[in-house]
């Protein structure tokens, strides 16, 4: 049997980086894509194929996938769409251009890459597409509206895709992590400083009393799980004869998945308002 191949995006650190190493150790040929050229260079030094794919740059999606297909003879067994960021702040303070940008990075770019991969998998008669969503694709939380909206959209888009791919040999799964040890908060700080004019906000007092401390010190951070917890579910999605439609990772995700099914909306709002 020929070596299986997978394209993983967002491999500079965290979930993507852990998945790339784990799958290579299991014998896969891993194409560990990153947004920044310097991160691609670092991963190449670690022995990976590392095409540059930036979801906000359509040309890199086209060229990065072409690089993968040139190396595999036009085949690809799996795609793991991963790598997203947040713009913290209340919905009323998120500039419209910021929302356009985060949707390009967290959803539209994923859709672009996925659409390019589907004909490859359809022609070969098989493939696995796995989307890394979030517990915040299941429930909303204050101050996270931009990120939440992209993940809610991803959940719906992926559910539709899974139904449409039935009978094609292409299996589609979603992974919903909760709190994972990554650079997510540090990356969110950069986006916050780029887009949010909090000092002019009607909620400036709330920023000072709550959000700034949470964002810059991680004061509200509870237990976090290692990235390997996500990788374990990814491996099942890639190798099981019948992969699950949706994989929960971490206790908070299981809890929120249960509460959104059993609680009325207002009761769930009350739970979520407690943080």
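No lab work stands behind these numbers, since they all come straight from the coordinates. Values in this document were obtained by computation on a predicted structure and should not be read as measured data. Backbone-built Cβ (ideal geometry, glycine too); neighbour counts: all protein chains shown.
Among 222-234, 8-20, how do they line up from the highest to the lowest mean number of other beta-carbon atoms within 10 Å?
On the way: 222-234: 17.8, 8-20: 25.1.
The densest-packed peptide leads the list: 8-20, 222-234.
So how compact is the chain: Cα radius of gyration and Dmax in angstrom?
Every Cα atom of the chain included, Rg and Dmax give 18.8, 62 Å.
At a threshold of 8 angstrom on Cα-Cα distance, excluding pairs fewer than six apart, so keeping six or more, what relative contact order does the chain reach in percent? Write down the numbers at each step before the final one.
Details: 458 pairs, mean separation 52.1, N = 275.
So the answer I get is 19 percent.
Binned at 5 Å from 0, what are the whole-percent values of the Cα-Cα distance distribution for the stretch 145-199, short to long?
Histogramming the stretch 145-199 at 5 Å steps yields 4, 14, 17, 18, 15, 13, 9, 6, 3, 1, 0 percent.
Could you check the spin-label model distance between residue 38 and residue 63? Points 7 Å from the Cα along Cα→Cβ, value in nm.
In this crude spin-label approximation the distance works out to 1.9 nm.
Based solely on its DSSP helices, what 222 nm [θ] is calculated for the chain when runs of n ≥ 4 H residues each add -39,500 (n - 2.57) and the sum is averaged over all residues, nearest 500 deg cm²/dmol?
Numbers: 11 runs with 131 residues, N = 275.
Helices in the chain give a 222 nm mean residue ellipticity of -15000 deg cm²/dmol.
Using just the C-alpha positions of the stretch 26-120 as equal point scatterers, what log10 of I(q)/I(0) does the Debye formula give at each q in 0.24 1/Å?
Log-scaled intensity ratios, in q order: -1.29.
I need the Debye-formula profile for the stretch 191-244: one equal scatterer per C-alpha, no solvent, reported as log10 I(q)/I(0) at q = 0.13, 0.26 1/Å, two decimals.
The calculated log intensity ratios at q = 0.13, 0.26 Å⁻¹ are -0.58, -1.01.
Can you give the direction-averaged projected area of the convex hull of the alpha-carbon atoms in the stretch 23-68, in nm²?
Result: a mean projected hull area of 3.1 nm².
Sequence gap at least 6, Cα distance under 8 Å: using those rules, report the relative contact order of the stretch 137-229 to the nearest whole percent. Could you put the intermediate results ahead of the total?
On the way: 46 pairs, mean separation 23.8, N = 93.
Once normalised by length, the contact order is 26 percent.
Can you pull the percent of Cα pairs in the stretch 55-182 with separation above 20 Å?
Numbers: 3867 of 8128 pairs.
Here the tail beyond 20 Å accounts for 48 percent of pairs.
Could you give the Stokes-Einstein D for the stretch 219-260 in µm² per second, using the C-alpha Kirkwood radius, 25 °C, 0.890 mPa s?
Here the translational diffusion coefficient equals 208 µm²/s.
Taking the Cα atoms of the stretch 164-275 alone, what are Rg (to one decimal) and Dmax (as a whole number) in Å?
Just the Cα atoms of the stretch 164-275 yield Rg and Dmax of 18.3, 54 Å.
Over the stretch 115-166, what number does the Rg to Rh ratio reach, with both radii from the alpha-carbon atoms and Rh per Kirkwood?
A ratio of 1.11.
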